[in-house]
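The values are calculated or read from the model by the stated rules, or taken from the named source; none is laboratory data. Everything numeric in this text was worked out from a predicted model, so none of it was measured. Note that each Cβ is placed from the backbone with ideal geometry, even for glycine, and that neighbours are counted across all protein chains shown. Side chains are part of the model used for accessible areas, which takes the heavy atoms of the whole protein and leaves out ligands, DNA and RNA. Shrake-Rupley method; radii C 1.70, N 1.55, O 1.52, S 1.80 Å.
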Amino acid sequence: DTEVTQTPKHLVMGMTNKKSLKCEQHMGHRAMYWYKQKAKKPPELMFVYSYEKLSINESVPSRFSPECPNSSLLNLHLHALQPEDSALYLCASSRDTAGANTEAFFGQGTRLTVV
Amino acid sequence: EDKVVQSPLSLVVHEGDTVTLNCSYEVTNFRSLLWYKQEKKAPTFLFMLTSSGIEKKSGRLSSILDKKELSSILNITATQTGDSAIYLCAVGGGSNYKLTFGKGTLLTVNP
């Protein structure tokens, strides 16, 4: 099973709303990631969790707040977003941090639209 | 700063053609190079190449890593319309051991 599950698949939110994106994997992976992908661009790394601790924050604005409740779950809490934050948000996981000779598997993503 | 460059950025071929996609990188502490195929949503993992595994093959797809030239190629033989997608190259390594993606190659296979 190489499945990473993300919910919801689509989300439309207003600039004053608070919402959360969820990601789940049951492969025993200890590294989990959030990426943001705009149309016709490659995925851009936002956050890396390694063994449930935040190890990389790529200078992401505080309106994005990650949370890793346990080794299988990763959340991304959204608050006071801007229209330019509209994008495909991808979650990924790997056995360990991606540089350490392990492949990263991606979820299907959440298509977020901020209005 | 870590860099991954893919070429060409787009390519249009006919079914049955063979294509070669290129990826070059400048990454400190290189650990691995990964190829992904992206259609409508999530990138789908194809291959991972490392110092101990510089050549991979699966069906019509194959990939080689050239550590001396800091590059990799992805070959697709006997292309089919279902091969139409964006092919992403990502390199694992860097100062914080993360994946750095190239911009991708958009492959269109016409019938």
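Couple of notes before you dig in:
- Semi-axes of the equivalent ellipsoid for the protein assembly as shown, computed as √(5λ) from the eigenvalues of its C-alpha gyration tensor and ordered from largest down, come to 30, 21, 15 Å.
- For B:Lys68, the aspartates and glutamates whose Cα falls under 20 Å of its own Cα, not counting residues fewer than eight places away in the same chain, are B:Glu1, B:Asp2, B:Glu26, B:Glu55.
- Candidates B:Leu70, A:Pro42, A:Ser65 compared by Cα position along the dipole of the protein assembly as shown: farthest toward the positive end lies A:Ser65, with charges placed on Cβ.
- Here's the list of lysines a cross-link from A:Lys9 could span, going by alpha-carbon distance under 22 Å and ignoring same-chain residues fewer than 8 apart: A:Lys18, A:Lys19, A:Lys22, A:Lys36, A:Lys38, A:Lys40, A:Lys41, B:Lys37, B:Lys40, B:Lys41.
- √(5λ) per eigenvalue of the Cα gyration tensor, region B:22-77, largest first, Å: 19, 14, 10
- Isolated cysteines in the protein assembly as shown, defined as those with no second cysteine Cβ under 4.7 Å, comprise A:Cys68.
- Interface between chains A and B: roughly 1800 Å² of accessible area buried, both sides summed (probe 1.4 Å, protein heavy atoms only).
- Computed with the Debye formula from one identical point scatterer per Cα of chain A, without solvent, the log10 of I(q)/I(0) at q = 0.19, 0.23 Å⁻¹ comes to -0.95, -1.36.
- Taking the centroid of alpha carbons for each part, region B:7-41 and region A:30-50 are 19 Å apart.
- Calculated log₁₀ intensity ratio I(q)/I(0) where the Debye formula runs over C-alpha points of region B:27-111, q = 0.11, 0.15 Å⁻¹: -0.30, -0.55
- Rolling a 1.4 angstrom probe over the protein assembly as shown with all protein chains present gives an accessible area of which 49% lies on carbon and sulfur atoms.
- Longest to shortest principal axis, alpha-carbon extents of region A:1-43, angstrom: 36, 25, 16
- Accessible surface for chain B, divided over its residues, is 49 Å² per residue with a 1.4 Å probe.
- Counting Cβ atoms of other protein chains within 10 Å of each residue's Cβ and taking the mean over peptide A:34-43 gives 4.
- Mean accessible surface per residue for chain A, computed with a 1.4 Å probe while every protein chain stays in place, in Å²: 48 Å²
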